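Visitor: Before anything else, here's the structure in question.
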Amino acid sequence: MIEFVFTIDYEIYGNGYGSLKELIFEPARKLKEIFDKWNVKFVVFAEAAELDIIDSHSADPAFSLIKRQMQDFYEEGFEIALHIHPQWYNARYKNGTWLLDYSEYNLCLLPKERIIEIIDRSIEFLRRTLGVNDYSPLSFRAGNWLLQPTQAVAQVLAGRGMKIDSSVFKGGLQHKNKMDYRPALRNGYYWRFSEDVNFEDSEGVLLEVPIYTEMVPIWRMASSKRVGLQHKASSSGKGGDSKNSKLSRIKDFLRFRYPLKLDFCRMTLSELIRMVEKVIKEDEKAPNTFRPLVAIGHTKDLVDFETVDYFLSYLTKKQIPISTFKDIYPKCV
């Protein structure tokens, strides 16, 4: 059985560039209109650290729109999940520009006391923004998908009542950040983990429901739509990587097959359908296996709403349910 989970990373560009209204509020508003049309929900991975700091500095007057929008999502049954880019929590705002603390880029590499401080502050931000004093997110996604080394963060998340992580994309590799999700290729559609998110542990403290990926030849990553969005990000100020960072990314790509994420913002309609059709054929052979397919998107990448609408139509015709993590969690455990 296939069940679809749409997730959207609710954030501006990674270096702090861009307005909340343009890169978060308006795209999320339009996306919600489409999902309301089909009477389905998606998961909002709210980047709590970024939004918390922008609010505390009164750096963007559109934060009031974001706050109301998040409340509306919550009240109407959309799942609000936790997403953290920890480099924001020591950020400074100078002459209209954000100076982020990249020494805290990977939450998993920080001392456990700092991990606790960041996660607790992020949860408190969600509670304050939603106006729900006891709100506890069910699901988590790490900034830049970095959930290695795993154990300390997993323990803290589980201790705060979280049940699901969705940071992994099978086959993922980042030399610079020492992230390697290639061992996860041996796993199924979901698994429990504790010490290392790559390896299944039947007694694990968290459930991993990864972003769905397909290993493809590298040329499949060079579609005009994907390249265009990457160019938009670069020209908007996000792409100021150092020479060493660029060389590291080239190393990440130097392999025969590369993980293509199920990204409903960056993929064309034909790419999305082709990927799902492969899973449908697999499901027909073994229909008793539960197959949650997690799709990812980013509000800052969300410009092609027509494709999203057509893709929802396709899933409806195929009678593939569209759910949230709260819906699928009981089926996984």
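Visitor: Taking amide hydrogens as modeled 1.01 Å from N in the peptide plane, which residues meet the under 5 Å criterion relative to Ala142, leaving out close sequence neighbours?
Guide: Ser166, Ser167
Visitor: Would you mind getting me the FRET efficiency between His175 and Lys94? Use the beta-carbon distance for r and R0 = 51 Å, nearest 0.05. If you can, show how the numbers build up before the last one.
Guide: Working: r = 31 Å, r/R0 = 0.61.
Approximately 0.95, to the nearest 0.05.
Visitor: Note the full-extension length gain between Ser103 and Arg192 as 0.36 nm times their separation in residues minus their Cα-Cα distance, in nm to one decimal.
Guide: Taking 0.36 nm per residue and subtracting the Cα distance, the gain is 29.1 nm.
Visitor: Give me Met179, Met267, Met215 sorted ascending by neighbouring Cβ count inside 10 Å, so fewest comes first.
Guide: Least to most surrounded, the residues fall as Met215, Met179, Met267.
Visitor: Chymotrypsin sites (Phe, Trp or Tyr not before Pro) within segment 69-145: which are DSSP loop residues with at most 12 other Cβ atoms inside 10 Å?
Guide: none
Visitor: With no solvent and one point on each alpha carbon, what is the Debye value of log10 I(q)/I(0) for segment 40-153 at q = 0.15, 0.17, 0.21 Å⁻¹?
Guide: Reported log10 I(q)/I(0), two decimals: -0.67, -0.85, -1.21.
Visitor: Right, another one. Determine the alpha carbon to alpha carbon distance for each of Lys163/Lys331; Lys232/Lys300; Lys37/Lys278; Lys67/Lys232; Lys170/Lys225 and list only those over 18 Å.
Guide: On the way: Lys163/Lys331 13 Å; Lys232/Lys300 10 Å; Lys37/Lys278 27 Å; Lys67/Lys232 27 Å; Lys170/Lys225 22 Å.
Check vs 18 Å cut-off fails for Lys37/Lys278; Lys67/Lys232; Lys170/Lys225.
Visitor: Same structure again: Rounded to a whole number, what is D in µm²/s for segment 2-332 from Stokes-Einstein with the Kirkwood radius over alpha-carbon pairs (37 °C, 0.692 mPa s)? Write down the numbers at each step before the final one.
Guide: Numbers: Rh = 20.2 Å.
Value of D from the Cα-based Kirkwood radius: 162 µm²/s.
Visitor: Another question, then. Segment 1-62 to segment 134-180: how many Å between their Cα centroids?
Guide: Between the Cα centres of segment 1-62 and segment 134-180 lies a distance of 19 Å.
Visitor: Return the distance in nm (one decimal) between the two label points of a simple spin-label model at Ser136 and Lys318, each offset 7 Å from Cα along Cα→Cβ.
Guide: According to this spin-label approximation, the distance is 3.5 nm.
Visitor: Another one. Ranked by Cβ crowding within 10 angstrom, fewest neighbours first, how are His175, His85 ordered?
Guide: Numbers: His175 14, His85 23.
Ranked by crowding around the Cβ, least crowded first: His175, His85.
Visitor: Report the extension gain between Val333 and Gln151 in nm, rounded to one decimal, defined as 0.36 nm multiplied by the number of residues separating them, less their alpha carbon distance.
Guide: 63.5 nm
Visitor: Out of segment 27-78, which GluC sites (Glu not before Pro) are coil in DSSP terms and have no more than 15 other C-beta atoms within 10 Å?
Guide: Sites meeting the loop and neighbour criteria: Glu76.
Visitor: Using r as the Cβ-Cβ distance of Thr268 and Leu185, and R0 as 25 Å, what FRET efficiency do you calculate, to the nearest 0.05?
Guide: 0.50
Visitor: Based on other C-beta atoms within 10 Å, arrange Val276, Val40 from fewest to most.
Guide: The most exposed by this proxy come first: Val40, Val276.
Visitor: While we're here: Among residues other than Thr307 whose Cβ falls under 14 Å from its Cβ, what is the net charge (Lys/Arg +1, Asp/Glu -1)?
Guide: Numbers: positive: Lys30, Lys225, Arg226, Arg266, Arg274; negative: Asp263, Glu271, Asp301, Asp304, Glu306, Asp309.
Cβ neighbours under 14 Å give a net charge of -1.
Visitor: In whole Hz and in residue order, list the ³J(HN,Hα) couplings for segment 32-38 that follow from phi through the Karplus curve 6.51 cos²θ - 1.76 cosθ + 1.60, θ = phi - 60°; x for Gly and Pro.
Guide: 3J(HN,Hα) across segment 32-38, in whole Hz: 4, 4, 5, 5, 4, 4, 9.
Visitor: Taking amide hydrogens as modeled 1.01 Å from N in the peptide plane, which residues meet the under 5 Å criterion relative to Phe4, leaving out close sequence neighbours?
Guide: Leu293, Ile322, Ser323
Laboratory data are not the source of any read-out in this text; all were calculated from the coordinates shown. Because the structure is predicted, anything quoted here is derived from the model rather than measured. Cβ coordinates were reconstructed from backbone atoms using ideal geometry, including for glycine residues, and neighbour counts include every protein chain displayed.
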